[in-house]
Structure formats: structure tokens, C-alpha cells
1. Would you be able to say whether some residue in segment 142-165 is touching a Leu at 6+ places or on another chain (Cβ under 7 Å), under 17 Å from LEU16 (Cα atoms) and either touching a residue at least 24 places away in the same chain (Cβ under 8 Å) or within 11 Å of the ligand (Cβ to nearest atom) (or both)?
2. Out of segment 104-132, which residues are surrounded by fewer than 16 Cβ atoms within 10 Å (Cβ to Cβ) and part of a loop (DSSP other than H, G, I, E, B)?
3. So if I check each of LEU181, LEU189, which one is open to solvent by less than 50 Å² (accessible area, probe 1.4 Å), in contact (Cβ under 8 Å) with a residue 60 or more places away in the chain and closer than 17 Å to VAL139 by Cα?
4. Out of the residues in segment 92-103 meeting the condition of being away from the ligand (no atom under 16 Å from the Cβ) and aliphatic (A, V, I, L, M), tell me which one is least open to solvent (accessible area, probe 1.4 Å).
5. Hey, could you check segment 21-51 for residues that are surrounded by fewer than 22 Cβ atoms within 10 Å (Cβ to Cβ) and of a type in the set (Ser, Thr, Tyr) and say which is nearest to the ligand (Cβ to nearest atom)?
6. From (1) more than 16 Å from the ligand (Cβ to nearest atom); (2) in a helix (DSSP H, G or I); (3) open to solvent by 10 Å² or more (accessible area, probe 1.4 Å), pick out the condition that doesn't hold for ALA18.
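The values are calculated or read from the model by the stated rules, or taken from the named source; none is laboratory data. This structure is a prediction, so every number in the text was calculated from the model and none was measured. Quick reminder, even Gly has a Cβ in these numbers, built from the backbone with ideal geometry, and neighbours come from all protein chains shown. Calculation scope for accessible area: heavy atoms of the full protein, side chains included, ligands and nucleic acids excluded. Shrake-Rupley method; radii C 1.70, N 1.55, O 1.52, S 1.80 Å.
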Amino acid sequence: MTKKVGVLVSGRGSNLQAIIDKIAEGTLPLSISVVITDVPGAFGLERATKAGIRTVTVNRKEFQDRAAFEEQINAALGDVDGVVLAGFMRILSADFINRWYHKIINIHPALLPSFTGLHAQRQAVEYGTKLAGCTVHFVDAGTDTGPIILQKVVPAYFEDDEDSLAARILEQEHIALPEALQLWAEDRLEIVGRRVKIN
Ligand code: GRF
């Protein structure tokens, strides 16, 4: 049976678009039940609407605390099989992560475990690594620490700034996220400790 996901976005939504496109092409056996954002007016919502996907805005400012905010996200997710973080810029609580244990997949624009958290591409430029890339991983209670599904590598050049490196990485994100989701959708991922076996 086709798995249903909810996708959480905070902005532009180009990774969301990559998923939408692969589903439309017929190469990704997945159904997006809902796109949820914490940022009113995020461009990702337009992409979802255009694709006929239900959207829900859960504005953190309208909730007293994180628990109430996340409860609303859970309500919007309903009975999905998994949650995709596609440029969702908030840290989720341990409660939320436990509720969706090993069912949340995140894309991070760095080769983990290097450069966790915000501005990963800038961190790579400043550190001077010669290789950079992106990581798709299951989410655990840490920040960008969960079991890695797959990674894509790009070169990093001396001439790069944050934007040029981010653009090169983003191209690979758009390949990596649908690829990882396809493996997940086909039940080919097995989590063994903190390692992911691809069957
Ligand atoms: C991506 O670089 C993603 O890895 C990071 O935030 C960015 C979101 O881009 N977490 P978009 O909204 O998918 O275009």
C-alpha cells in the first residue's frame, strides 16, 4: 500500500517540489497527505496548493508553548505513515520525535556528522573543506544526529561563498531526498543501531 506522508516546510519548498515532481512522474510511490508550515505565507504552500495538496499553517506565535504548537502539528498530520522535514527550521521536542519514532526523515545540507544546525553551508565554507554535500537521515532526539540513509557529495572550491556552495548542494538535495524516500516507501530501509541497511 502506498505510504502517506506529511511534509513540514518553513520556506521556499524546493525540496518539497522535488518530491512532488517525482510523485507526478510516477517514480516515487508515495502520497503527500498534507504540507504543514510554521511560517505563514511560506512559498512552499503555493507549490503544495498547485499540486492539489492540502496545506495547514501552524503559527508558533499563536500557541502558548511548544507542546500546544506540536499538538496542532500532530492533529494536522493525522494518520500519516511518516513525516518529512524539507527545510523545516524548528527543533522538534523529544515528545514529538518519540511520537514518530524512526518515522521522521530530514534533509540536511552538509555531510553529517560535520556541520550540524544552522548555516551548514557557511560552516563548510569557513572550515575550508574540499568536499561538501547533503545527508538524508532519520531524526532522533539530537540535532542532525539520527541514522543516515544516504549522502551526496559535491566539490567545494576556494572561490565558493555560502550561496554558490549552497546552490551546488541543493541540486543534490533534490536528488537525494526523493531517492531516500523511495527506499523508505519501498520498505527497503532497516535501522540497525545507528546504521541504516539498504535492502
Ligand atoms: C535546504 O537546504 C535544506 O537542506 C535545509 O533548508 C533548505 C530548504 O530549502 N534544511 P527548500 O525550502 O527545500 O528550498
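1. no
2. PRO113, THR116, GLY117, LEU118, HIS119, GLY128, LYS130 - these are the residues of segment 104-132 that are surrounded by fewer than 16 Cβ atoms within 10 Å (Cβ to Cβ) and part of a loop (DSSP other than H, G, I, E, B).
3. Exactly one of LEU181, LEU189 is open to solvent by less than 50 Å² (accessible area, probe 1.4 Å), in contact (Cβ under 8 Å) with a residue 60 or more places away in the chain and closer than 17 Å to VAL139 by Cα, namely LEU181.
4. Only one residue fits best here, namely ILE97.
5. THR49
6. It is condition (1) that ALA18 fails.
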